[in-house]
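First the structure, in the form of C-alpha cells, and then the observations on it.
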Amino acid sequence: MELVTTVQQVRQQVKAWRKEGLTVGLVPTMGFLHEGHQSLIARAAKENDRVVVSVFVNPIQFGPNEDFAQYPRDLEQDSALCEATGASLLFHPEPEEMYPEHFSTHVDVDGVTENLCGARRPGHFRGVCTVVSKLFHIVAPDRAYFGEKDAQQLAVIRRMVRDLNFDIEIVGCPIVREADGLAKSSRNTYLSPQERRAALVLNRALTAGRTAMERGERRAQAILSIIRDELDEEERANVDYVKMVDSVTMEDVETAQRDVLVAIAVYIGKTRLIDNFTFHVE
Ligand code: PAF
C-alpha cells in the first residue's frame, strides 16, 4: 500500500489502474480508524479491484466550538490498519492541499440537512459535502462507502450524488458496535471510564424504542418518550436530540410508516455521541 499526500499523486495512480481496466472503491475517513472503518474498507476491497482510503480531518465541517484541534490522530496505526484490510492507496493531504489560498466554492444541500445534526451543527454538512465532492472528483471511484452510524450524512450524500449526477454508487454499511453495544466511534476515546459506562445508555434507550416498535407501537411521540425516559435515567447523559424521521427526507414524522430513522444525539460529559436504528414498517 502506498501513502500519498497530493491530489496529483492520487490522480496518477487511479489513471494507471483505469488503464488496466480496474475498478476503484473509495472510503473517505477522518482517520483514527476503528473496526467500523475497517468494515467499510473490507467491503470496498471485496467489491472493487483497488481501494483508496482518505484520512483527512476536514477543518470546514467543525464548528468554532467543536473538537477539530483535539480530534484524535494516529497516521501510523491508520496506515497499518488500511494495509492489513486490503487498501491499495492511503491519501493523507494537508489542509492546504485540499483548501488552497482563496478557496471559495462550497456544496450546499438543502432540506435533508436541516433537521437532526444539521440543525445542531450549523455549517457541518456544507463542510462534509464540500470535502466529499472534492474527494469524488479527485478519485472518481466506482463506489464510495459510508457508515450507517452517520445516517443523516449518508442520506445527504446520497441526495448530493443524485442531484449533482456523480456517477458513483454510494454503499451504506451497518453500524459496528463494541461487545457491550456502544457504537464504535473515534470520539469514544474522549470518554473517561465512568463516561464509557454511562455511554451504554444510548444503545439501551434505542433498544427500548425498537422493542416498542417491534411490539406494534407506531406513534413517534410514544416511542421517543420511551427513549427519552431511558436516557433521563443516566445522570451523565444530556440529550441533544431524540427524533423519528423519514429515512430519505430526514423530516420529522408523527407515525412510523415505511422506512423511518430513529436517531439520537447525546452528550456524555462533554462528548457528543450519536446513534440510531432504522425500522421498516410493512
Ligand atoms: O464521516 C466522516 O468521517 C466524515 O464526515 C467524512 C465523510 C470523511 C468527511 O470528512
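Answer yes if at least one residue in segment 73-83 is polar (S, T, N, Q) and either in contact with a strand residue (DSSP E or B) (Cβ under 9 Å, 6 or more places away or on another chain) or surrounded by 16 or more Cβ atoms within 10 Å (Cβ to Cβ) (or both), and no otherwise.
Yes: one or more hits.
Of the conditions (1) within 15 Å of the ligand (Cβ to nearest atom); (2) closer than 22 Å to C173 by Cβ; (3) touching a Ser or Thr at 6+ places or on another chain (Cβ under 6 Å), G147 fails just one. Which one is it?
So the condition that G147 fails would be (3).
Are any residues in segment 60-69 in a loop (DSSP other than H, G, I, E, B) and closer than 22 Å to V107 by Cβ, and if so, which ones?
Once the filter is applied, which keeps residues that are in a loop (DSSP other than H, G, I, E, B) and closer than 22 Å to V107 by Cβ, segment 60-69 yields F62, G63, P64, E66, F68.
For segment 10-47, how many residues meet the condition of being closer than 26 Å to Y71 by Cα and either polar (S, T, N, Q) or free of Cβ contacts under 8 Å to residues at least 40 places away in the same chain (or both)? So that I can check it myself, show each step before the final result.
From segment 10-47, those closer than 26 Å to Y71 by Cα are 10, 25-44; that's our starting set.
Retained after the next criterion (residues that are either polar (S, T, N, Q) or free of Cβ contacts under 8 Å to residues at least 40 places away in the same chain (or both)): 29, 38-39.
Here the count works out to 3.
Of the conditions (1) out of contact with any Phe, Trp or Tyr (no Cβ under 9 Å at 6 or more places or on another chain); (2) assigned to a helix (DSSP H, G or I); (3) away from the ligand (no atom under 13 Å from the Cβ), T189 fails just one. Which one is it?
Failing condition for T189: (1).
All but one of (1) out of contact with any strand residue (DSSP E or B) (no Cβ under 6 Å at 6 or more places or on another chain); (2) touching a residue at least 24 places away in the same chain (Cβ under 8 Å); (3) under 22 Å from M244 (Cα atoms) hold for N188; which doesn't?
With (1) out of contact with any strand residue (DSSP E or B) (no Cβ under 6 Å at 6 or more places or on another chain); (2) touching a residue at least 24 places away in the same chain (Cβ under 8 Å); (3) under 22 Å from M244 (Cα atoms) applied to N188, the lone miss is (3).
With the requirement that a residue be part of a loop (DSSP other than H, G, I, E, B) and either in contact with a strand residue (DSSP E or B) (Cβ under 6 Å, 6 or more places away or on another chain) or farther than 22 Å from E35 by Cα (or both), what does segment 157-185 give you?
L164, N165, F166, D167, I168, I175
Within segment 1-48, restricting attention to residues that are farther than 18 Å from P174 by Cα and polar (S, T, N, Q), which residue is farthest from the ligand (Cβ to nearest atom)?
Restricting to residues being farther than 18 Å from P174 by Cα and polar (S, T, N, Q), the top hit is Q12.
Can you confirm whether segment 110-127 contains a residue that is free of Cβ contacts under 8 Å to residues at least 40 places away in the same chain and of a type in the set (K, R)?
no
Read through the list (1) at pLDDT below 95; (2) surrounded by 20 or more Cβ atoms within 10 Å (Cβ to Cβ), then give the number of the only condition that L33 fails.
(1)
Residues R120, R187, R215: which one is surrounded by fewer than 21 Cβ atoms within 10 Å (Cβ to Cβ), among the basic types (K, R) and within 23 Å of R73 (Cα to Cα)?
R187
Could you pull out the residue among V51, V132, V139, V107 that is under 20 Å from T5 (Cα atoms), touching a Leu at 6+ places or on another chain (Cβ under 9 Å) and within 13 Å of the ligand (Cβ to nearest atom)?
Checking each option against the conditions leaves just V139.
Could you check how many residues of segment 159-170 are within 13 Å of the ligand (Cβ to nearest atom) and touching a residue at least 40 places away in the same chain (Cβ under 8 Å)?
1
The values are calculated or read from the model by the stated rules, or taken from the named source; none is laboratory data. The model shown is predicted, which means the values in this text are computed figures rather than measured ones. All Cβ positions, glycine included, derive from the backbone under ideal geometry; neighbour counts span all protein chains shown.
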